[in-house]
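The values are calculated or read from the model by the stated rules, or taken from the named source; none is laboratory data. Here the structure is a predicted model, which means the values were calculated and not measured. So basically every Cβ, Gly included, is an ideal-geometry build from the backbone, and we count neighbours across all protein chains shown. All accessible areas refer to the heavy atoms of the entire protein, side chains included, with ligands and DNA or RNA removed. Shrake-Rupley method; radii C 1.70, N 1.55, O 1.52, S 1.80 Å.
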Amino acid sequence: MTPDTSVMLNDGRTIPRLGFGVWRLEDADAEPLVGAAIDVGYRHIDTAQGYGNEAGVGRAIRESSAPREELFITSKLRNGDQGFDSARRSFDGTMDRLGIDVLDLFLIHWPTPARGLYAETWKAFVALQTEGRVRSIGVSNFLPEHIERIVGETGVTPAVNQLELHPAYQQRDVREFHAERDIVIESYSPLGGDGAALLRDPVIVSIAEKHGRTPAQVVLRWHLRQGFVPLPKSATPARIAENFAVWDFRLDDDDMARMVGLDRADGKRGPLPERMNNP
Ligand code: A2P
């Protein structure tokens, strides 16, 4: 993989800069769609226990043309399995469903702060990494205060924080925090989520016309230019291919400046991490 298509993590590992997200794909559909993604060049697949499709992802990995060592597989711990012992047991379930020996990246899916278990859970993640069962460990939907707490208790900084992030919800206020600690930001709902109204925005449409590209490709380049790792999801093979065909053009400073103005106070689509405490 060339340097342009991968990013170095703070633990010395590399991660492909663009991944295929499988949220909301049924287990049976995940298998052919992940297979289609691998066929067009994706090497990074992002699933979660809560998506209910780890087994389908596992079948796709086993049947794929790509050797296991070329693939980067992420899963995430369900909230109800947080805690030291339960996180470790739950990890075993993920590995059984995926049918692989070592996971590339395991994330705490949400901090669920009112439940008070994320620091203990992080200790289990550190142990799993020390034992060599997972190569990299990280978090998702963590606010800076949650990250400070787990680093304070273990001395281990997460390699990534996966956040909702797209041009309508740019999260400019937390970027410096992550850059200072060398934590890679992964973007979920990178195209603005279901419905993808963002892709009809006149600014994005006009930048797409200027480059002879699609709006989705422009939005993905916006993520890549800022060092984020976007995880676009699609259930449509043609779009899966379109979303990976982004390596041969770049946005210029003028494009980036125009897109700053798309950030909106009400741009977040999903739950707020400080309030999401469901098991
Ligand atoms: P579909 O699965 O029917 O292709 P996000 O990754 O931000 O969550 O966005 C996913 C949404 O955007 C889904 O509704 C998906 O629909 C749609 N989508 C994904 N890729 C594209 C694309 N290249 N063009 C238009 N819509 C897309």
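If only one of G195, G227 is part of a loop (DSSP other than H, G, I, E, B) and touching a strand residue (DSSP E or B) at 6+ places or on another chain (Cβ under 8 Å), which one is it?
On the way: G195 fails: touching a strand residue (DSSP E or B) at 6+ places or on another chain (Cβ under 8 Å).
After ruling out the rest, the residue left standing is G227.
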Checklist outcome for this item: With criteria (1) touching a Pro at 6+ places or on another chain (Cβ under 6 Å); (2) over 27 Å from S75 (Cβ atoms), S206 comes up short on (1)
Item to check | Criterion: part of a helix (DSSP H, G or I), surrounded by fewer than 23 Cβ atoms within 10 Å (Cβ to Cβ) and either modelled with pLDDT of 95 or more or at negative phi (or both) - qualifying residue of V156, V151 | outcome: V151
Checklist entry - Pairs, please: C-beta under 9 Å, at least 6 apart or cross-chain, first residue in a helix (DSSP H, G or I) and in segment 240-252, second of a type in the set (F, W, Y)? => result I240/F20; I240/Y42; N243/F20; N243/Y42; F244/F20; F244/Y42
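Filter segment 180-225 for residues that are under 30 Å from N10 (Cα atoms) and either without any contact (Cβ under 8 Å) to a residue 40 or more places away in the chain or aromatic (F, W, Y) (or both); which is nearest to the ligand (Cβ to nearest atom)?
Selected residue: A216.
If you check G195 against the conditions, is it at positive phi and open to solvent by 40 Å² or more (accessible area, probe 1.4 Å)?
On the way: at positive phi: yes; open to solvent by 40 Å² or more (accessible area, probe 1.4 Å): yes.
The answer is yes for G195.
Go through segment 224-259 and give me each residue that's within 13 Å of L165 (Cα to Cα) and either open to solvent by 50 Å² or more (accessible area, probe 1.4 Å) or not hydrophobic (A, V, I, L, M, F, W, C) (or both). Before you say what the answer is, go through the steps one by one.
So the first thing to find is which residues in segment 224-259 are within 13 Å of L165 (Cα to Cα), and the list is 224, 226-232.
Once the filter is applied, which keeps residues that are within 13 Å of L165 (Cα to Cα) and either open to solvent by 50 Å² or more (accessible area, probe 1.4 Å) or not hydrophobic (A, V, I, L, M, F, W, C) (or both), segment 224-259 yields Q226, G227, P230, P232.
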Checklist entry - For segment 90-123, how many residues meet the condition of being open to solvent by 30 Å² or more (accessible area, probe 1.4 Å), acidic (D, E) and outside any helix (DSSP H, G or I)? => result 1
Checklist entry - Picking from R17, R62, R13, which residue would you name as being under 16 Å from P232 (Cα atoms) and in contact (Cβ under 8 Å) with a residue 24 or more places away in the chain? => result R17
Item to check | Sole residue being farther than 19 Å from R175 by Cβ, of a type outside the set (A, V, I, L, M, F, W, C) and in contact (Cβ under 8 Å) with a residue 12 or more places away in the chain, chosen from P237, P230 | outcome: P237
